[in-house]
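Input: a single structure, listed below in structure tokens.
Just so it is clear, none of the values below were taken in a lab; they were calculated from the coordinates. The model shown is predicted, which means the values in this text are computed figures rather than measured ones. All Cβ positions, glycine included, derive from the backbone under ideal geometry; neighbour counts span all protein chains shown.
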Amino acid sequence: MVSFAPTISDARVAVGLVKISATSVWFEGDINGTGVVQSVQYMINGSGTCPLCLQRSQIAKVTGNPLTGQGAPDWGTEVNDLTTTTIFTYYDSNGNAITTLPADINSNGAVLASVKTIHIALVVQNNAVIDLQTQQPIQTTFEGEVSLNNCSMAATGVPPMSCQ
């Protein structure tokens, strides 16, 4: 019988979190139920006309390092006109904020393995849309959280803290 030890570089293996920062989250998983592992990124990735835009990329994972060997992202869906650059906050299984950011699978896998909750907070304001009564730009706030069963492959030899 041939034994197979999956590695983080195998295109068939989703490693979970790949990279986190205050402005981005990058992870792998079978996003659409097809059996194909996807590399997904959300990040503030603005350009000259929209310096604070939250964009999303989803590409099929290829064999290679999850952080450096996946090719160019395919940026698409976006939220324009953010008013702040800190949108992601990460918490461990004890509810403590994770402050060692950015962290990625190549340099600090133990930090990734400790993530239990991701909080997102967006404030959007388009200065061209004015409230008729106050004469001020309209702001919209969005907040949400996701709790992970984080059995991360990020920290070899370190038990996933939030998977227990």
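Report, in debye and to the nearest 20, how large the dipole of the chain comes out about its Cα centre when Lys and Arg carry +1 and Asp and Glu carry -1 on their Cβ.
Once rounded to the nearest 20, the dipole reads 320 debye.
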Q: Using θ = phi - 60° and the Karplus relation 6.51 cos²θ - 1.76 cosθ + 1.60, list the HN-Hα couplings for segment 50-62 in order, rounded to whole Hz, with x at every Gly or Pro.
A: 8, x, 10, 10, 8, 10, 10, 10, 9, 10, 5, 5, 10
**Q.** Top positive-direction residue, dipole computed over segment 1-151 with Cβ charges, set 49, 84, 119
**A.** 119
Q: Give a quick list of trypsin sites (Lys or Arg not before Pro) in segment 1-104 that DSSP marks as loop, anything other than H, G, I, E or B, with at most 15 other Cβ atoms within 10 Å.
A: 12
Q) When only DSSP loop residues count, what chymotrypsin sites (Phe, Trp or Tyr not before Pro) in segment 4-73 have their Cβ near at most 16 other Cβ atoms within 10 Å? A) 4
